[in-house]
Every structure is written in structure tokens, then in C-alpha cells.
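Structure first, commentary second.
The values are calculated or read from the model by the stated rules, or taken from the named source; none is laboratory data. These numbers were taken from a predicted model, which means no experiment stands behind them. Here Cβ is always computed from backbone atoms with ideal geometry, including for glycine, and neighbour counts include all displayed protein chains.
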Amino acid sequence: MNTANTPSRAAYLCGSSYWCAQGQGSRPFGLPETLFLPPALRTAHGLGQPRELPYFAAFPAAPATLAQLCGWIEAQIRQADAAAGWEADNLAGIPVFIGSTSYVMSDREAAPAASPEEEHYTLCEIAGYLKTRFRSPNVFSFATSCTAAAQALLAAARSIENGLVERAIVVGFESFNRLTFEHFYAMNLLDTEPGRLPFLDAGGLVLGEAAAALALSAQPHRDYACRLHGFTAQTDHINLTASSVEPLHNLLAECLRRAGMAAPDLCGVKTHGSGGLSDEVEMQVRRQIWPHTPALLFKPYTGHTLGASAALETALLHAALQQGRLPTLPLSSPDFPLPTLHGQPLPNGSYLNYFLGFGGSHCAWVLDWQG
């Protein structure tokens, strides 16, 4: 029996917290009076030729140290747990699922070791800190490129669905580091101008940094029900460095099948929408499956936060649903090719979310909201 397809119970999103270029939870995402904060500029130095590029900076320090990262992540976890109504004294033992592409890379740049023998950087240093702080032996680190937090969420939700745990915490974070920034620039993947939209005129990705936490439970929040289901993860077997039409179509069709839904049942679709090569593939699949379903886009506000994307964008959607609306897109254009829900009320109902990653790692799920 495939337990991923036959869960014994539901998984609910009960609390969320975020820190991104648009601020933190005290600056609610979705309210008309919450003004858009444009990207900052960071300088790339490829081939010795400095070039200023847009970057959605969030944190006060760059590069951030390990101590700073741990403190910021712990704060996001505690805020998400408080939003869920969980008592701070009862967090011990709750499993934590982490997704990131940067992990401690910024700390390595902030304080490089004097010699190779002194280097001690591993994937699990932040996990070790959280194990101690939350007295939990079960802290899991995921590193599947841009779907790291998505894979972390899938693992956390399935643990709840299959009766392994009652509650789980999902964390996604990405901090600026020179290695990642210069790497994307060297591959000519970054947009050189701010203020351009995916699916329209974007010239590449605009990167960003963020930290977000999600509190999942087998029981809904006392004030609303936000169920996550239809979890699907597949690998693009055709192209490992970009998305392909057939695998993406299969992913989304399988997600709908697992959720027991058809495309017309959806209120909206949270696109990947990075401004890169995948935009055209997404448009092709969209025309095949849901040509008239409104789209939701988050990267125009935050940049592509890589491994943190799924946690951050889920937290922002969760915040917008609680506020009852999405903000307008940072730029308006009569030529934008998609119908969207931006600037409109968000109705109760189902929203499909999908995330694409370098290496062919793709994930999707459905979020059902009843507020």
C-alpha cells in the first residue's frame, strides 16, 4: 500500500511566520496600505567587472553569521508556533523539517577558517542548534535546490498524515552569500533590471533572502481550517537543468488526482514564476490544464529565495488568506498574459501550489482554505 496516497488523517497549516524583503509578520502581507518595498542592489564581480543587480535583501547583516542565522530561525519558529496557539512551554520534542540552499555558506564567508583543517561546516549545524533549543531529537535537513523547503513540507505533512506525529514545524531560509550570487550571475541567469514581471518581460531571476516557518498539525486552527493535501513530488527525467512540459504536466495532473479534484475546482494556482527559462514551460502547461484559472505570484515581491521559496510563499499565501486578499502586483501592465487574483478578495476554496527546482526536483500540493 502506498501510504502517501492513502493518508489516515489530514494535515493542517495552523500558524506561519516570515521575514523577507517585504518585512515581517508585523507588516501584514495583503493589506492595501502595506506598500511594496523594491529590491536593493548588490554588486556582482564576475570577470573583474562590477555590475549592480537587483536583490531582495531582508536581513540586516550580509554575510550573516551562524549565530545570527540560528537566532533568526528560532525566532520565526516561535512566532509561527504562537500564531498556531501552541504554548511555548510545550514545544519540546516537536520534529523540525528544514529546507535551504545556503545553510551556513554565509557564515563561512563572514568568518573564513584560517586553514582547511579548521573548517567544520556541515549541513547539520543549524539542525544541531535547533535540536538543543527545542529538545527534539528529530530535526531533518533537506537540500534539493529550490525545492528544499517544499520537500521538507512534504515530509512533515506525510508524517502527520500517516500518524507518526501530531505536530511538525517546517523551516525555510536563504541568506545572501557571494558564492550563490556570483554563480547565478556567471551563468547569465540574473535579471539586470528591477521592476520586470515573470511571464511578461523578465530578463532572468532576481534573487532574494528570507526565513519562514510553518506550524503543521493533525488538528485545524480554532479560527479557520487550512488543509494541505494532494502532495506530489516527481523528477523531471527529460531535463535536469530546466523544466520540461511533459514532466510538469504529469506533476500537476497527478497532484489534482491525489487531491480528488479537477482543474475547474481550483480558486487559483500559485505559480513558480521565477522569471527564468521555466516561465515559457509553465505557460504551455497552463494552456493545457487551466487556461482560465487565476494565478498567484509571490516572487515579484520577494525575489527567488531558492531553497526557502516553498516555506516563504506558503507563509505569504497563508497571511494573505487571513487578511482576505492579495496585494496588487508591484507593476501593472495591460499586457500581462495571465488572469490573477492580485488586488482582489481571496475566496474560500482550493489553491494549487507548485515549486520547481534545479536538478529536476518538482513538488506540488493543494491548500484548502475555509476562513
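Residue-level analysis places C255 outside the set of residues that are part of a strand (DSSP E or B) and more than 16 Å from the chain's Cα centre (by Cα). Remark: pairs (first residue in region 131-143, more than 10 Å from G93 (Cα to Cα); second residue of a type outside the set (S, T, Y) and part of a strand (DSSP E or B); Cβ separation under 6 Å; 6+ apart in sequence or on different chains) = F140/F97; S141/I98; F142/G99.
Checked against the criterion of being among the small types (G, A, S) and either free of Cβ contacts under 8 Å to residues at least 24 places away in the same chain or crowded, with 22+ Cβ neighbours inside 10 Å (or both), the candidates A315, A295, A319 yield just one match: A315. Scanning region 48-97 for residues that are among the small types (G, A, S), assigned to a helix (DSSP H, G or I) and crowded, with 20+ Cβ neighbours inside 10 Å gives A80, A83.
Okay, residues lined up against (1) within 26 Å of Y224 (Cβ to Cβ); (2) at pLDDT below 95:
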site	(1), (2)
M261	yes, no
K270	yes, no
A295	yes, no
L306	no, no
T314	yes, no
P330	no, yes
T340	yes, no
G357	no, yes
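Within the group S106, S159, which residue is of a type in the set (G, A, S), in contact with a Pro (Cβ under 6 Å, 6 or more places away or on another chain), in a helix (DSSP H, G or I) and surrounded by 15 or more Cβ atoms within 10 Å (Cβ to Cβ)? Result: S106 is the single residue among S106, S159 that is of a type in the set (G, A, S), in contact with a Pro (Cβ under 6 Å, 6 or more places away or on another chain), in a helix (DSSP H, G or I) and surrounded by 15 or more Cβ atoms within 10 Å (Cβ to Cβ). Tallying residues that are within 20 Å of E254 (Cα to Cα) and either of a type in the set (A, V, I, L, M, F, W, C) or out of contact with any Gly (no Cβ under 6 Å at 6 or more places or on another chain) (or both) within region 343-358 yields 8. Each residue in region 164-207 was checked for being within 30 Å of A10 (Cβ to Cβ) and not aromatic (F, W, Y), and 10 pass. Determine if region 227-250 includes at least one residue that is touching a Cys at 6+ places or on another chain (Cβ under 6 Å) and either in the same structural domain as L179 (by TED's automatic domain parsing) or assigned to a loop (DSSP other than H, G, I, E, B) (or both). No: region 227-250 contains no residue that is touching a Cys at 6+ places or on another chain (Cβ under 6 Å) and either in the same structural domain as L179 (by TED's automatic domain parsing) or assigned to a loop (DSSP other than H, G, I, E, B) (or both). Residues of region 43-64 that are out of contact with any Lys or Arg (no Cβ under 9 Å at 6 or more places or on another chain) and over 13 Å from Y301 (Cβ atoms): G46, L47, G48, Q49, P50, R51, F59, P60, A61, A64. How many residues are touching a strand residue (DSSP E or B) at 6+ places or on another chain (Cβ under 9 Å) and at pLDDT below 95 when one looks only at region 51-74? Total satisfying the criteria: 1.
Checking the structure you have, find out if any residue of region 285-303 is part of a helix (DSSP H, G or I), of a type in the set (A, V, I, L, M), more than 19 Å from F59 (Cβ to Cβ) and not assigned by TED's automatic domain parsing to the domain that holds D201. The answer is yes, given that some residue of region 285-303 is part of a helix (DSSP H, G or I), of a type in the set (A, V, I, L, M), more than 19 Å from F59 (Cβ to Cβ) and not assigned by TED's automatic domain parsing to the domain that holds D201. Looking across region 312-371, not a single residue is among the aromatic types (F, W, Y), closer than 24 Å to R258 by Cα and assigned to a loop (DSSP other than H, G, I, E, B).
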